[in-house]
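Following: one structure in structure tokens, then a few remarks.
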Amino acid sequence: MKLVSHACTDFEKDINLFVDHELAAPGMPRLTAHLRECDSCRSYVDDLREMAELHRVAAADAPASAEDAVRELVDRHALFAGITRRLLQDKSEELSRLFYELGKAYVLAGNQASLGRRFQKVNPVSRAVEIRVTADRARRVAREGEALAAAAPVESRGDFRHGSLFGRSRKLFDAPTPGAGACASGLRCLTAALALRPELDEARLYLGLHYLLVGRLDRAGTEFRRVYRSGKDPVHRLMALQYLGNVHSTRFEHQRAIECYEQVAAEDSRSSEPRFYTALVNLGMDCAKLGQKERSARHFAELVERFPSHLDQSRQLLSQAKDFTALLQRDAHLRESLHRNAPALFAA
């Protein structure tokens, strides 16, 4: 459905007159031009015509009492209110998606700025949106939703009464937090996305990544566990489990991290989904940190076999893991084992 602005409420009277063949000639060009652009109002016209035909047939074939009963079904105001309610819901969903995309872009920007710290790098599947363009679009959608809610029939507003939901969202842009950096902006946008749609697991995953990047590991773990336990999409649940392994690894809880990564690798073994190659990278590193050299070598060999197109990315991640590269320099036996079992990653 094409989203329309609150101006549709201005056409309700004209549409009713048009269907009843009572619209004056001067009003026809304006209505015709609008109907060419607006899917919702065209559907509204079709519905009214069907109901009018039902009413005509009933009036011709039924007694007056039946005619009155049919007339009660033709509640044009309720029909228009239902259309408006769907439009408001569509606006809310579009705005939540835009807030998610903005939050993701800010988190990735913050992650890029944090490289070199001990936090692990975030590897997105898709590229981040352009922040300025997306922010402008989100402002426009919030204004449109606020205006639509203000003009809508009261019974169609529901949670959108007085447009307060859209107004609060728009104010996130109108009054930015002084001195806010990428991570703080990401937190605001992701929180707004989840306020609109609490079930948006992608936003919750990046909210957890925000907390991971700023060192709030308890909060990060809480968000990842919520998606893992309650998420409806199996891919989102695996991503949450992989990120939960990152939390444990950052805490030096390597055995618990290994358990998370092994479950991800086992669940994904049939599809070899590219976004999960980092689970095997981290699995090999955490095994090495626990002194499990041969086990580490086996996982790196599995990485080479399952994800041959991701070897360059894997080598980059390994080079950025300073504690792992330091371990390689200290442990000659580990270096020899990895070179023997996974030479594509650990060539001399």
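Laid out as a table, the results:
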quantity	calculated
Area of residue 325 that stays accessible when all protein chains are in place (1.4 Å probe, Å², to 10)	40
Estimated inter-spin distance, residue 319 and residue 335, nm [label 7 Å along Cα→Cβ]	1.7
Heavy atoms of residue 86: accessible area, 1.4 Å probe, square angstrom to 10	120
Shape call, region 243-348: gyration tensor on alpha carbons, a/c limit 1.5	oblate
Surface share of carbon and sulfur [accessible, 1.4 angstrom probe, percent] for region 249-348	50
Whole-number percent relative contact order across region 205-348, with pairs defined as alpha carbons under 8 Å at least 6 apart	15
Candidate residues 322, 232, 91: accessible-area rank, largest first, probe 1.4 Å	232, 322, 91
Built amide H within the under 5 Å cut-off of residue 292, gap 5+	none
Pairwise FRET efficiency - residue 312 versus residue 39, Cβ, R0 = 51 Å, nearest 0.05	0.65
Region 236-348 - accessible surface per residue (Å², probe 1.4 Å)	46
Stretch gain in nm, segment residue 130-residue 305, where the contour uses 0.36 nm per residue and the Cα spacing is subtracted	59.5 nm
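The values are calculated or read from the model by the stated rules, or taken from the named source; none is laboratory data. All values reported here derive from a predicted model rather than from experimental measurement. Here Cβ is always computed from backbone atoms with ideal geometry, including for glycine, and neighbour counts include all displayed protein chains. These accessible areas exclude ligands, DNA and RNA; they are computed on the full protein's heavy atoms, side chains included. Shrake-Rupley method; radii C 1.70, N 1.55, O 1.52, S 1.80 Å.
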